[in-house]
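Scroll down for the structure; my scribbles are underneath it.
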Amino acid sequence: MLTSKQRAQLRALANNMDTILQVGKGGIGEQLLKQVSDALLARELIKLRVLETCEYSPREAAELIAEQTGSELVFVIGSRFVLYKRHPKKPVIELVPAKDKSK
């Protein structure tokens, strides 16, 4: 789970990113999920766009894809959304540390 500071950090990084995948009338199938998973593994942070022909709203598509790929939804704005998934072995993005609430 991302903290608000981590979310803000990722949002800033995503600002200048290009949209690399689109969700259209084909919906959210195995092929799209594989492309998203591969892109997340390579980049950790990706921007997607939901076309008007898609049966899902941008938020619905974002939440569904995040759930299916085990990634975190960073934000949704308009028809675009950003997903983050930390690389299991070699993280590229160094997130601000989460505060320990047990102190």
Scan the stretch 48-74 residue by residue and report those that are part of a strand (DSSP E or B), surrounded by 19 or more Cβ atoms within 10 Å (Cβ to Cβ) and free of Cβ contacts under 8 Å to residues at least 60 places away in the same chain.
L48, V50
Quick check: is even one residue across the stretch 27-42 in a strand (DSSP E or B), in contact with a Leu (Cβ under 9 Å, 6 or more places away or on another chain) and in contact (Cβ under 8 Å) with a residue 24 or more places away in the chain?
no
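Please enumerate the residues belonging to the stretch 9-19 that are among the hydrophobic types (A, V, I, L, M, F, W, C) and surrounded by 14 or more Cβ atoms within 10 Å (Cβ to Cβ). If you could, list the steps in order and put the result at the bottom.
So in the stretch 9-19, the residues among the hydrophobic types (A, V, I, L, M, F, W, C) come out as 10, 12-14, 17.
The answer is L10, L13, A14.
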Among the residues of the stretch 6-27, are any modelled with pLDDT of 95 or more and among the basic types (K, R)?
yes
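Within the stretch 75-85, how many residues are loosely packed, with under 14 Cβ neighbours inside 10 Å and part of a loop (DSSP other than H, G, I, E, B)?
Adding up the residues that qualify gives 1.
The values are calculated or read from the model by the stated rules, or taken from the named source; none is laboratory data. Here the structure is a predicted model, which means the values were calculated and not measured. Ideal geometry is used to build each Cβ from the backbone, glycine not excepted, and the neighbour counts take in all protein chains shown.
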